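Asker: Dumping the structure here so I can ask a few things about it.
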DNA sequence: GTCTATAACTTGATAGAC
DNA sequence: GTCTATCAAGTTATAGAC
């Protein structure tokens with residue numbers, strides 16, 4: 001993608017002036033997340049992006065190309081997130097847990113969309129999810145130095161991510177939506193356990 | 001399960017003499033789990049079950065009826081599982097964690113199949129998953145008496161379930177497939193933390 | 001109960017006008 | 001760059017024979 005002074009900083013993740021290409025990608029990810037893979041047809045994506053099917057296919061020549069676009073976007077967002085977690089003042093683990101629940105960020109949307117593709121038997125999507133998980137696990141392991149605890153932390157993170165992504169609305173009292181104070185409690189628990197295990 | 005050789009088990013979940021109806025339901029759940037919702041077409045299900053499409057539609061008049069069949073099967077299996085967990089000598093929490101990873105049991109298959117449907121925007125499937133989660137959470141809460149810890153345990157269980165269900169094969173070294181000894185470590189960790197928190 | 005044939009519709013993709 | 005046909009293949013469901 002040629003970036004000239006006239007065609008400004010074309011960061012492919014979240015351009016200031018959303019290009020048609022990006023709108024299409026947004027619409028595809030959104031449909032995947034909200035209504036599943038089967039609903040994310042070319043027709044539906046085109047309509048949601050405000051273009052015709054022909055217009056969509058000019059930018060992405062096939063559905064495969066559309067999928068590749070989402071996966072590439074995910075890879076970029078994960079790379080950024082990894083840096084953000086590493087640089088977090090609150091500590092990597094707290095930052096990871098707090099950012100696990102899907103809140104509608106670009107990364108969340110890309111992750112959910114990729115999960116849907118992975119479950120539709122797309123092995124490239126599965127690989128992308130694994131790569132992201134590996135990166136996060138590595139950070140946690142470096143931070144705690146404790147493999148068992150690190151796994152437990154990753155599983156909690158996964159549980160938060162999947163739960164918020166897959167069972168979004170109207171939960172029952174028992175597993176009612178986790179409030180931010182619930183997350184605080186969770187982080188405290190993990191912090192305490194981490195201190196106890198490293199202290200000994 | 002009161003099943004005598006003379007009176008073979010005729011419950012609707014997994015009859016010894018698999019009826020056509022059950023074979024169809026098995027095939028549908030299997031296809032949903034292995035290849036996603038989009039691949040679980042009537043054609044594919046019929047072929048996998050060894051009947052024609054017409055034959056399938058004699059037993060389940062529509063795709064909706066097929067879905068209802070899977071959800072009913074799940075409800076029955078969850079009810080049984082709840083009883084088994086409550087009666088477990090090792091304690092409910094250890095039993096729950098150990099049974100979280102999908103190992104191919106009938107319950108696992110029904111859960112995975114229902115997850116796929118839930119992600120295809122089927123709200124009935126979502127409700128079924130929530131009901132199951134509520135039941136398990138209730139058991140854990142009764143066992144530990146500690147809401148924060150119970151949530152952490154449920155999240156670990158969710159993480160195990162989703163991970164094993166959605167990223168099944170060929171994992172990388174970092175998050176390599178959890179061995180049963182890894183699970184042992186995890187259960188030990190949880191047991192210790194539970195003891196510490198209740199002891200104080 | 002199970003099959004084949006077929007109707008009605010959706011989906012991904014191509015061709016070509018503007 | 002974006003649009004409107006248009007097509008071939010696939011999908012759910014019905015009808016009726018055996």
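Asker: For chain A, set up a GNM with springs between Cα atoms under 10 Å and report which of A:64, A:30, A:177 has the largest fluctuation.
Answerer: A:64
Asker: Contour minus end-to-end for residue B:90 and residue B:134, with contour as 0.36 nm per residue of separation and end-to-end as the Cα-Cα distance?
Answerer: That works out to 13.7 nm of additional length.
Asker: Once both labels are modelled 7 Å past Cα along the beta-carbon direction, what's the residue A:196-residue B:185 spacing in nm?
Answerer: Spacing of the two 7 Å Cα→Cβ label points: 1.8 nm.
Asker: On to the next question. Between A:51, A:70, A:112, which gets the highest mean-square fluctuation from a Gaussian network model of chain A, Cα cutoff 10 Å?
Answerer: Judging by the Gaussian network model, the answer is A:51.
Asker: Another question, then. Relative contact order of the stretch A:71-197: what whole-number percent is it, with Cα pairs under 8 angstrom and at least 6 residues apart?
Answerer: Across the stretch A:71-197, relative contact order equals 29 percent.
Asker: Separate question: So between residue A:20 and residue A:34, what do we pick up on full extension, going 0.36 nm a residue minus the alpha carbon distance?
Answerer: Separation in residues times 0.36 nm, less the Cα-Cα distance, equals 3.0 nm.
Asker: Enter the mean number of other protein chain beta carbons within 10 Å of the beta carbon of each residue in A:29-35, as an integer. Working shown, then result.
Answerer: Numbers: counts 0, 0, 0, 1, 1, 1, 3.
Mean shielding count: 1.
Asker: Using the count of nearby Cβ atoms within 10 Å as a rough guide to exposure, how do B:124, B:144, A:114 rank from fewest to most? Write out the running numbers ahead of the final one.
Answerer: Numbers: B:124 13, B:144 21, A:114 27.
Final ranking by Cβ density, sparse to dense: B:124, B:144, A:114.
Asker: What is the list of residues in the stretch A:59-83 whose amide nitrogen lies under 17 Å from a point 7 angstrom out from the Cα of residue A:105, following Cα to Cβ?
Answerer: Under 17 Å, as judged by backbone N against the label point of residue A:105, lie A:73-83 of the stretch A:59-83.
Asker: For the stretch A:82-149, what's the relative contact order in percent, using C-alpha pairs closer than 8 Å and at least 6 residues apart?
Answerer: Numbers: 31 pairs, mean separation 21.0, N = 68.
Over the stretch A:82-149, the number comes to 31 percent.
Asker: Under the Kirkwood approximation for Rh and a Cα-based Rg, what ratio Rg/Rh is obtained for chain A?
Answerer: On the way: Rg = 18.8 Å, Rh = 18.4 Å.
Taking Rh as the inverse mean 1/r over Cα pairs, Rg/Rh reads 1.02.
Asker: With n ≥ 4 as the cut-off for DSSP H runs, can you work out [θ] at 222 nm for the protein assembly as shown, using -39500 (n - 2.57) per run divided by the number of residues, rounded to the nearest 500? Before the final figure, lay out each step's value.
Answerer: Working: 18 runs with 278 residues, N = 400.
After summing the helix terms and dividing by the residues of the protein assembly as shown, the value is -23000 deg cm²/dmol.
Asker: Continuing with the same structure: Distances in nm, one decimal, shortest first, from residue B:200 to the same residue in every other copy, taking the label point 7 angstrom along Cα→Cβ.
Answerer: Nearest to farthest, the other copies are at 1.3 nm.
Asker: In degrees between 0 and 90, to the nearest 10, how far off the longest principal axis of chain B does helix B:123-144 point, with axes built from Cα atoms?
Answerer: 30 degrees
Asker: Right, here's the next one. Quick check: from the Cα gyration tensor, does the stretch A:53-141 come out rounded (a/c under 1.5), prolate or oblate?
Answerer: Since a/c reaches 1.5 and a/b is larger than b/c, the shape of the stretch A:53-141 is classed as prolate.
Asker: Quick one: with label points 7 Å out along Cα→Cβ, list the inter-copy distances for residue B:87 in nm, shortest first?
Answerer: 5.7
Asker: While we're on this one: Which residue fluctuates the most in chain B, going by a Gaussian network model with Cα springs under 10 Å, if the choices are B:150, B:88, B:121?
Answerer: Ranking B:150, B:88, B:121 by mean-square fluctuation puts B:121 first.
Asker: When N is the residue count of the protein assembly as shown, what does its C-alpha Rg come to as a fraction of 2.2 N^0.38 Å? Numbers along the way, then the final one.
Answerer: Numbers: Rg = 22.5 Å, N = 400, 2.2 N^0.38 = 21.4 Å.
Against the empirical 2.2 N^0.38 Å value, I get 1.05 for the protein assembly as shown.
The numbers here are math on the coordinates, done by the rules we state, and not lab data. This one's a predicted model, so the numbers in the text were calculated from it and none came from an experiment. Neighbour counts run over all protein chains shown; Cβ positions are idealised from the backbone, glycine included.
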